[in-house]
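Written below as structure tokens is the structure these notes are about.
The values are calculated or read from the model by the stated rules, or taken from the named source; none is laboratory data. Just so you know, these numbers come straight off a predicted model, no measurement behind them. We place every Cβ from the backbone using ideal geometry, glycine too, and count neighbours over all the protein chains shown. Ligands, DNA and RNA are stripped out before the accessible areas are found, and what is left, the full protein with its side chains, is counted by its heavy atoms. Shrake-Rupley method; radii C 1.70, N 1.55, O 1.52, S 1.80 Å.
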Amino acid sequence: MKNYLRKPTLFLILGLIIILVGLPFGIYGLTLSGGASLGGTLILVLVFIVFIFLVIDRVLVHVISLKKLNIIEVMFLFIASTIYLYQNRKIEIELLNKNSEFMIVIENNGKLINNYYDCKLPFNKLIKTNENYIIAKNIPQDINIKGDISWKNSYNFNIYNYEKYPKVVLFAKTSSDMDSLKVLKFIELNLK
């Protein structure tokens with residue numbers, strides 16, 4: 001066992017921590033009932049993947065110098081985390097109009113002008129607006145709305161596809177009665 005721990009690398013340290021923490025949580029998760037046990041399964045799958053990386057790390061430590069291997073592992077973790085953060089980027093919309101009942105996010109069809117946004121590290125966008133709509137080049141999967149207190153962090157959410165506008169996302173207060181036809185009429189009246 002000492003031979004395996006003799007040359008510590010970044011993957012070895014992180015891998016052992018993940019395995020030591022993940023194994024008990026994964027086993028506990030399996031004892032839960034219903035869909036909650038799926039969490040335990042996912043944790044154990046992650047522990048297994050980390051174990052495979054740990055075995056590969058221990059093989060490579062005998063082939064590559066320790067310094068080079070640590071540099072490669074740091075680069076790998078940096079690239080993997082950058083890809084993860086880029087894929088999970090989001091738009092944060094702050095509604096400055098306190099009486100706003102809805103927010104429409106329109107993906108640019110190539111003929112519209114995108115809203116100005118502030119960059120939030122690492123890949124998120126923050127848009128502050130008085131309007132009830134914004135135009136974005138691409139709509140990510142995650143959009144956070146900061147509305148008035150009357151929204152109570154609760155809203156209806158729907159995605160529409162129109163002929164002129166390929167992707168439109170609607171966020172509306174739960175008391176609002178917006179539907180697909182009203183959304184399209186609003187867009188056509190306000191976008192000229």
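Write down the radius of gyration of region 121-192 and its Dmax, each obtained from C-alpha positions, in Å.
Answer for region 121-192, Rg first and Dmax second: 12.9, 37 Å.
In the chain, what percentage of the DSSP-assigned beta bridges are antiparallel, given to the nearest 5?
50 percent
With every protein chain kept in place and ligands, DNA and RNA left out, what is the accessible area per residue of the chain? Probe 1.4 Å, answer in Å².
It amounts to 68 Å² per residue over the chain.
For the chain, what is the relative contact order in percent, using Cα pairs closer than 8 Å and at least 6 residues apart in sequence?
It rounds to 18 percent for the chain.
Most mobile of LEU23, LEU95, LEU69 per a Gaussian network model of the chain (Cα springs, under 10 Å)?
Result for the chain, Cα springs under 10 Å: LEU23 fluctuates most.
Show TYR117, TYR165, TYR86 ordered by accessible area, largest first, where the area counts protein heavy atoms only and the probe is 1.4 Å.
TYR86, TYR117, TYR165
Ignoring ligands, DNA and RNA, what percent of the 1.4 Å accessible area of region 85-192 is carbon and sulfur?
Of all accessible area on region 85-192, carbon and sulfur atoms account for 48 percent.
Given the -39500 (n - 2.57) contribution per DSSP H run of 4+ residues, what per-residue ellipticity at 222 nm results for the chain, rounded to the nearest 500 deg cm²/dmol?
When only DSSP H runs of four or more count, the value is -14500 deg cm²/dmol.
Nothing charged except the Cβ atoms of Lys and Arg (+1) and of Asp and Glu (-1): what's the magnitude of the dipole of region 69-192 about its Cα centre? Round to the nearest 20 debye.
Here region 69-192 has a charge dipole of around 200 debye.
Which of LYS90/LYS152; LYS137/LYS185; LYS90/LYS167 have a Cα-Cα distance over 18 Å?
The pairs that break the limit, which is 18 Å between Cα atoms, are LYS90/LYS152; LYS137/LYS185.
Out of GLY34, GLY22, GLY147, any idea which swings most in a Gaussian network model of the chain, alpha carbons joined below 10 Å?
GLY34
Regarding the chain, what's the average projected area of the Cα-atom convex hull, expressed in nm²?
Convex hull of Cα atoms, orientation-averaged projection: 16.1 nm².
Compute the relative contact order of region 1-74 as a whole-number percentage, counting only Cα pairs closer than 8 Å that sit 6 or more residues apart in sequence.
Relative CO of region 1-74 lands at 38 percent.
Among the trypsin sites (Lys or Arg not before Pro) within region 103-158, which fall in a DSSP loop and have no more than 12 other Cβ atoms within 10 Å of their own Cβ?
LYS111, LYS137, LYS152
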